[in-house]
1. Probe 1.4 Å, all protein chains in place: accessible area of Arg191 in Å², nearest 10?
2. How far apart, in nanometres, would the label points at Asn57 and Arg178 be if each is projected 7 angstrom from Cα along the Cα-to-Cβ direction?
3. Within region 97-168, what whole-number % of the accessible surface is contributed by carbon and sulfur, with the 1.4 Å probe and all protein chains included in the calculation?
4. Provide the gained length on full extension for the span Glu86 to Thr169, in nm with one decimal, where the gain is 0.36 nm per separating residue minus the Cα-Cα distance.
5. Suppose we look only past 18 Å in the calculated P(r) of region 44-185. What percent of the Cα-Cα pairs does that tail hold?
6. Taking a threshold of 27 Å on the Cα-Cα distance, which of the pairs Lys67/Lys171; Lys126/Lys201; Lys126/Lys185; Lys88/Lys171; Lys91/Lys114 fall above it?
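The values are calculated or read from the model by the stated rules, or taken from the named source; none is laboratory data. No experiment lies behind these values; they were computed from the predicted model shown. Cβ placement follows ideal geometry from the backbone for every residue including glycine, while neighbour counts extend to all protein chains displayed. These area figures cover heavy atoms from the full protein model, side chains too; ligands, DNA and RNA do not enter into them. Shrake-Rupley method; radii C 1.70, N 1.55, O 1.52, S 1.80 Å.
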Amino acid sequence: MNMRLVFLIFLIVVFAAGFGFISYSQSTGISLNEAYGTGNIVITQNTSAGTVPHQVNIVNNGNDPVKVEVGDVLTAQSSQDLVIAENKTIKKNNTDTISAYCLDPSQRAIPGVKLKANGTSTNAVKQVIMASNINDLNNATNAQVQIWILTSGVDFNIYSRESVAVVETQKINYTKLRQIVSDAKTAISTRFNVNVNNIDKLNQNGTSNSTGIVGGFINWIKSTTGI
């Protein structure tokens, strides 16, 4: 018997078993973007401009649990774009409140506005979020400013709409905000081992595109067996 064919059959069996396990693991919930695409969830901005982190209300009207993950992006035409700041699973026919950071200091959050799930953030933003503490105001504010630096540049306008709201809400002055910005730049430079002048390039490195598990496995078989 052709040993190459035997090897191929063995790999397919192993892959089928592994893929079945992965499928079973994923059956515990669908992604926020997938759920939004089905029209079974409603996402609403809860908190006013200047809140750190913001809170959004997610209603899951579907029959599947919805996995909300760090880095999921929420957008709206009339309100602040947000990025999810915690991992949660919302049970079917259930409602939960989720923390999220702002993505753009030039926008202003408006309570009651409906948001839509719109992909995922870059890896740099995700790393900042995962290193933050959403339950500590000072830590979360520093993380919020780091995200603004990543998304809007090291020289983002601190007198823009959401950043002004943060100053007003936390009752701080702009000297304090400038210090937070300076500390945030230092934190980013240290975390990613880059010069301040190169920070703007970090957010250009998004999540990688892939051919998927099946496609990647088939390509690997072809390269291994020569078939």
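1. 100 Å²
2. Each label point lies 7 Å from its Cα, and together they span 4.1 nm.
3. C and S fraction of accessible area: 44 percent.
4. Numbers: separation 83, 0.36 × 83 = 29.88 nm, distance 2.26 nm.
So the extension gain works out to 27.6 nm.
5. Of the Cα pairs, 52 percent sit more than 18 Å apart.
6. Lys67/Lys171; Lys88/Lys171
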